Structures are given as C-alpha cells and as structure tokens.
Amino acid sequence: MKIIFVGPQGSGKGTQAKIISEKLHIPHISIGDLMRGAKGELKSELDFYMNSGKLVPDELVVKILKERIKEEDCKNGFILDGFPRNLNQTKLLEKITMVDRVVEITLSDEEAIKRISGRLTCANCKASYNEFTAPIPKEKGICDLCKGILIKRADDNPEAVKKRLEIYHKETEPILKEYYKILIKVNGNSEIDKITNEILEKLGY
C-alpha cells in the first residue's frame, strides 16, 4: 500500500507515519531525510541549490524520490511523510507513482502553535521532548537519557509557526479537498495509541 501522511506542523504526522510503517512493514520516507541522504549525481545537484541558498526545485525532489521508491524495500508500498505539499508536487508525484491512501491528521492552529512552541531537543544526544505533550522531560531542561541540556529551535516560536501554518492552509489543504478522493481524516488531538488504532482501522487493518 502506498500512503501519504499529511497534516499541519505539530500534528504528529511524522510520529504516526513511523509507527504505521513498522506495523505494515513498509518503509517510512521522509523527504527531509531523503534529501540529506542523497548520494552521487543527485547529491551534487542538491548541493548546488542548498549551498547557494536557493529553493530546491520540486522536479529535483521528485527525481530523488523516484530513485528511492525503485528500491527493493518499496515493492510492497511505502509511506510518504509530508509530501506532496502543493499542487505542483502532487502532479509531479502522480507521474512517477499512484497513491492508494492519503491520511490527514488534523489539528487546530492554537494546539499546533502550543505543541511546536513547546518542542525541546537535547543538545547532546538529539532526543526530542515537549513541555506540554509527551514525552515531557522528568527534570525541567534536562535530558532523561544523557542529562544533556534541552534547547529550542530558533524557528519554533509562535510567529514563525503561524507563518508555516498559513502556508499549509494556503498550499496543502486545497490539494486534499480538490485532488485526492482517497482521504482518511483523523483528529490529531488525542493520545498517540488511539490515533494509531484509528488510522489502522480506517486503512482496513
């Protein structure tokens, strides 16, 4: 099964995509991770844009994705995490593969801003925490695993999050409403296990 996971920042789509990929034994493909792991000629093309501060063209992203889904572990399907994000990406994706299901995890802007503003990362081991939602560190500002200092990303502030949400509402939501007729919608404002079970049930597992 080929599945797309989409949702606003803070909705937990990455967490759920990873869990569901393990349950269904198909790879979880994060576009960010995919670009960071590019090799050879594709890496050289990427570096040209990234090193010059230019936006990576959708065509190049899809070119990298096309090579990834040719690999053996994708023969029974895969999960795309956070892609496509706009109509152009959707049309380009359609040229290289068809999609069986689209899972949209919904979340209010208010809750998304709260969650993202509360995100913390260990400066040492990179473990992730949140001030408001699980996992909450046992000792404030200290990593449970290595006792490193927990820090916030510079762009995890309410104003920056609002801008990212505006882009999501403007560019991603329209393709869900107008383009995909295979949409599964779940509420992200619930416990992780409950969301996972609802997704699996709606996928038919």
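Every number in this text was worked out from the coordinates using simple rules, so none of it is lab data. Remember, it's a predicted structure, so these values are computed and weren't measured experimentally. Cβ atoms come from the backbone with ideal geometry, glycine included; neighbour counts cover every protein chain shown.
Some points to look at:
- Theoretical gain in end-to-end length, Ala127 to Lys39 [0.36 nm per residue, Cα-Cα removed]: 29.1 nm
- Paramagnetic label zone (point 7 Å from Cα along Cα-to-C-beta, Ser190; backbone N under 20 Å) in region 5-32: 5-24
- The packing ranking of peptides 99-108, 165-174, highest mean first, is 99-108, 165-174, where packing means the average number of other beta carbon atoms within 10 angstrom of each residue.
- Exceedance of the 22 Å cut-off in Cα-Cα distance is limited, within the set Lys170/Lys202; Lys39/Lys63; Lys170/Lys194; Lys70/Lys126; Lys43/Lys163, to Lys170/Lys202; Lys170/Lys194; Lys70/Lys126; Lys43/Lys163.
- Most tightly packed first, judged by the mean number of other beta-carbon atoms within 10 Å of their residues, the peptides 8-19, 73-84 read 8-19, 73-84.
- Computed over all pairs of different Cα atoms, the Kirkwood value for the hydrodynamic radius of the chain is 18.2 Å.
- The Tyr49 and Leu145 beta-carbon pair, evaluated with R₀ = 41 Å, returns a calculated FRET efficiency of approximately 0.70.
- Spin-label zone in region 92-134 - amide nitrogen under 20 Å from a point set 7 Å from the Cα of Tyr205 along the C-beta vector: 98-106
- Net dipole in debye of the chain [+1 Lys, Arg Cβ; -1 Asp, Glu Cβ; about Cα centre; nearest 20]: 160
- Our estimate of slack between Ser108 and Lys75, defined as 0.36 nm per intervening residue step minus the Cα-Cα distance, is 8.3 nm.
- Virtual spin-label span in nm between Lys163 and Ile182, 7 Å along Cα→Cβ: 3.6
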